[in-house]
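Trainee: Take this structure, written in structure tokens, and hold onto it; I'll ask about it next.
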Amino acid sequence: MPAQLIDGIALSKSIRADVAHRIAHLKSRGIQPRLSIVLVGDDPASQVYTRHKVNDSTETGLEATLERYPADLPEADLLARIRTLNADPAVHGILVQLPLPAHMDAQKVIEAIAPSKDVDGFHVSSAGALMVGRPGFWPCTPYGCMKMLESIGFSLRGKHAVVIGRSNIVGKPMAMMLLQQNATVTICHSATADLGAMTRQADVIVAAVGKRNVLTADMVKPGAVVIDVGMNRNDEGKLCGDVDFEGVRQVAGWITPVPGGVGPMTRAMLLVNTLEAAERATR
Ligand code: GUN
């Protein structure tokens, strides 16, 4: 029997509805949740992503502002702008769209954001909070993956999860979140020797490499849950993930599609984090 789909569009809609409800409550108390998005340069993909973030926010009742700066903006000017946003009590979340132009040190820029407004969850303080299980902001993509597992009632306790990919914004925080739920976690690299020997042991596989067909049917234990974080293009130019979807769905128990899986969840979790930032600011 082919795998059941975990529908990221349907789940993100219900999360957005909940966010909208909580925002309405904040507004009734006279608080307008606000997200400041900063875009430097004219990377076409970043322009699309930031437009989505503004529209998603507006639809749920969040106020989002998009500030655009030229690619040659001095780093010091960006840092100064972030300091101003940090000090503005009307701004609850700050998001600096990545990638930044090459003359900027992206990590230094992220570290300039106040941890209480770091709705991307990229600050070292957010990473540290996740590591030690304290309140902070979880990066949106792995947070969305956890919500997908929760939505199918999957208990991670005692299960083996394999994460393929070790980026600071997906692989590593994903592993921490899975560990927090008492899973046994293996973090692999796409170059891990005999990757299939690892993934065949897994009850949950999260593929987050950014390369097509990293995970094929022969690498999956029957019934496993497969979460595909990849966003690639196939030979026809169509969006596809890291997982050989048609093959793997014949073996897996659950699988997330691309498009319509993790992507919409990432977008929804940014709204959750921004709302959370606003709620915390009022406590
Ligand atoms: N560029 C691509 N994805 C993201 C994201 O989630 N946050 C930021 N800040 N930049 C990105």
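Since every read-out is calculated from the coordinates, none of them should be taken as a lab result. The structure displayed is predicted, hence computed values, not measured ones. All Cβ positions, glycine included, derive from the backbone under ideal geometry; neighbour counts span all protein chains shown.
Trainee: Take the stretch 138-154 and flag every residue that is assigned to a loop (DSSP other than H, G, I, E, B), free of Cβ contacts under 8 Å to residues at least 60 places away in the same chain and away from the ligand (no atom under 16 Å from the Cβ).
Mentor: If the condition is that a residue be assigned to a loop (DSSP other than H, G, I, E, B), free of Cβ contacts under 8 Å to residues at least 60 places away in the same chain and away from the ligand (no atom under 16 Å from the Cβ), then Gly153 is the only one that fits.
Trainee: Among all residue pairs at least 6 apart or on different chains, which show Cβ distances below 7 Å where the first residue, located in the stretch 157-178, is without any contact (Cβ under 8 Å) to a residue 40 or more places away in the chain and the second is within 16 Å of the ligand (Cβ to nearest atom) and polar (S, T, N, Q)?
Mentor: Going by the 7 Å Cβ cut-off, there are no qualifying pairs.
Trainee: Shifting gears a bit: Yes or no: Lys238 away from the ligand (no atom under 15 Å from the Cβ), touching a residue at least 12 places away in the same chain (Cβ under 8 Å) and of a type in the set (D, E, K, R)?
Mentor: no
Trainee: Does Met148 meet the test of being more than 19 Å from Asp7 (Cα to Cα), among the hydrophobic types (A, V, I, L, M, F, W, C) and surrounded by fewer than 24 Cβ atoms within 10 Å (Cβ to Cβ)?
Mentor: no
Trainee: Turning to a different aspect of this structure: Can you pull out the residues in the stretch 197-224 that are surrounded by 13 or more Cβ atoms within 10 Å (Cβ to Cβ), assigned to a helix (DSSP H, G or I) and among the small types (Gly, Ala, Ser)?
Mentor: Ala217
Trainee: Taking the residues in the stretch 225-248 that are in contact with a Leu (Cβ under 8 Å, 6 or more places away or on another chain) and part of a loop (DSSP other than H, G, I, E, B) as candidates, determine which candidate is surrounded by the most Cβ atoms within 10 Å (Cβ to Cβ).
Mentor: Asp242
Trainee: On to the next question. Among the residues that make up the stretch 270-283, is at least one of them over 28 Å from Gly61 (Cα atoms), out of contact with any Phe, Trp or Tyr (no Cβ under 8 Å at 6 or more places or on another chain), β-branched (Val, Ile, Thr) and outside any helix (DSSP H, G or I)?
Mentor: no
Trainee: For residues that are more than 17 Å from Gly223 (Cβ to Cβ) and touching a helix residue (DSSP H, G or I) at 6+ places or on another chain (Cβ under 6 Å), tally how many sit in the stretch 187-204.
Mentor: The number of residues fulfilling the criteria is 2.
Trainee: Here is a follow-up. Any residue in the stretch 91-107 that is without any contact (Cβ under 8 Å) to a residue 60 or more places away in the chain sitting within a Cβ distance under 6 Å of a residue that is within 13 Å of the ligand (Cβ to nearest atom) and assigned to a strand (DSSP E or B)? List the pairs, counting only those 6 or more apart or interchain.
Mentor: Short answer, once both residue conditions are applied: Val91/Ser36; Ile94/Ser36; Val96/Val38.
Trainee: Moving on. For the structure I just gave you, tell me whether Asp42 is assigned to a loop (DSSP other than H, G, I, E, B) and either under 18 Å from the mean Cα position of the chain (by Cα) or of a type outside the set (Phe, Trp, Tyr) (or both).
Mentor: Yes.
Okay, residues lined up against (1) closer than 17 Å to Cys140 by Cα; (2) surrounded by fewer than 13 Cβ atoms within 10 Å (Cβ to Cβ); (3) within 16 Å of the ligand (Cβ to nearest atom):
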residue	(1), (2), (3)
Leu66	no, no, yes
Tyr69	no, no, yes
Ile82	no, no, yes
Ala87	no, yes, no
Leu95	yes, no, yes
Leu100	no, no, yes
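Trainee: Could you pull out the residue among Ser126, Ser116 that is under 29 Å from Arg283 (Cβ atoms), away from the ligand (no atom under 15 Å from the Cβ) and part of a helix (DSSP H, G or I)?
Mentor: Among Ser126, Ser116, only Ser116 is under 29 Å from Arg283 (Cβ atoms), away from the ligand (no atom under 15 Å from the Cβ) and part of a helix (DSSP H, G or I).
Trainee: Next up: Only one of (1) surrounded by fewer than 20 Cβ atoms within 10 Å (Cβ to Cβ); (2) more than 10 Å from the ligand (Cβ to nearest atom) fails for Ala106. Which number is that?
Mentor: For Ala106, the exception is condition (2).
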